[in-house]
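> Let me give you the structure first, and then I'll get to my questions.
The values are calculated or read from the model by the stated rules, or taken from the named source; none is laboratory data. Predicted model, so just to flag it, every value in this text is computed and none were measured. Note that we place each Cβ from the backbone using ideal geometry, even for glycine, and neighbour counts take in every protein chain shown. SASA here: full protein model, heavy atoms, side chains in, ligands and nucleic acids out. Shrake-Rupley method; radii C 1.70, N 1.55, O 1.52, S 1.80 Å.
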Amino acid sequence: MTKNEFFKNLLDCHVESMREKMKMNQSVTEKEKNLYIFHDFLGLSFSLMIFPTQNILILAGAYRTENYERLESTPFKNAEIKDFVKLSREMDKIHSTEAKNKYDQLYDEVLVCLYSKKQIDFMKMTIFLKKNIETKFSLQELADRFYATERTVQRTFLTYGGKNFSSYYLDLRMCCAKEMIEERKLTLKEISDKLGYGNFSSFSRAFKSHWGISPKKYSNSFANKKSY
């Protein structure tokens, strides 16, 4: 296998994996930062950025962030790959945290090119809400955190989320509840607590009202499907 075939196959595998994730995340908005970082056998880090609503996938890199001393003694037969190994060793190494910060900065720069400021504000709000799903925020609290008025936040959710803030937020919380039940890592009571519900009964009523099935029945039915 030539160097071109090797590296093309390596990157194709990662890109195809990201394409599959794009297919599963064809939502109206970017609900989370789709930035993935991986390392190849040379110790070089790459990042893949996906933007489902724009059907865009970007591969960016590379930074040498790992110290692959074993490359010194690995007998590569392909002379061209040996050259790549030598080049990798000669590259300045940076800390993985620094590399991630560079990729994060690049991701934000791409966002500015693809979306309007209001769209970016909406994405940042939804990412914030999902990352802090255990805390329930009011419209006023969210507006204060993003230095905006309640009216501006409400209009942003109506425009880019298709629903008012309360409805969108409830959808987000219930989707998270469903995902956590399907992961089967937490008990229903733990999921209820993680979503900030005062008691399990309140969570159960909200889940059943939203999905038409109680969380207990959904958990059992999902478990039965997984057993086939």
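> Any chance you could count how many residues in region 112-134 are crowded, with 18+ Cβ neighbours inside 10 Å and among the polar types (S, T, N, Q)?
The qualifying residues number 1.
> When you scan region 130-157, how many residues do you find that are basic (K, R) and assigned to a loop (DSSP other than H, G, I, E, B)?
Count: 1.
> With (1) open to solvent by 80 Å² or more (accessible area, probe 1.4 Å); (2) at pLDDT 95 or above as the list, and N164 as the residue in question, which single condition is left unmet?
The single condition N164 does not satisfy is (1).
> Determine whether Q54 is open to solvent by 70 Å² or more (accessible area, probe 1.4 Å), at pLDDT below 75, under 20 Å from the mean Cα position of the chain (by Cα) and not charged (D, E, K, R).
Criteria not met by Q54.
> Return yes when Y160 is part of a helix (DSSP H, G or I) and in contact with a Ser or Thr (Cβ under 7 Å, 6 or more places away or on another chain) and no when it is not.
Against the criterion (part of a helix (DSSP H, G or I) and in contact with a Ser or Thr (Cβ under 7 Å, 6 or more places away or on another chain)), Y160 qualifies.
> Could you tell me whether region 98-111 includes any residue that is assigned to a loop (DSSP other than H, G, I, E, B) and either of a type in the set (F, W, Y) or open to solvent by 60 Å² or more (accessible area, probe 1.4 Å) (or both)?
no
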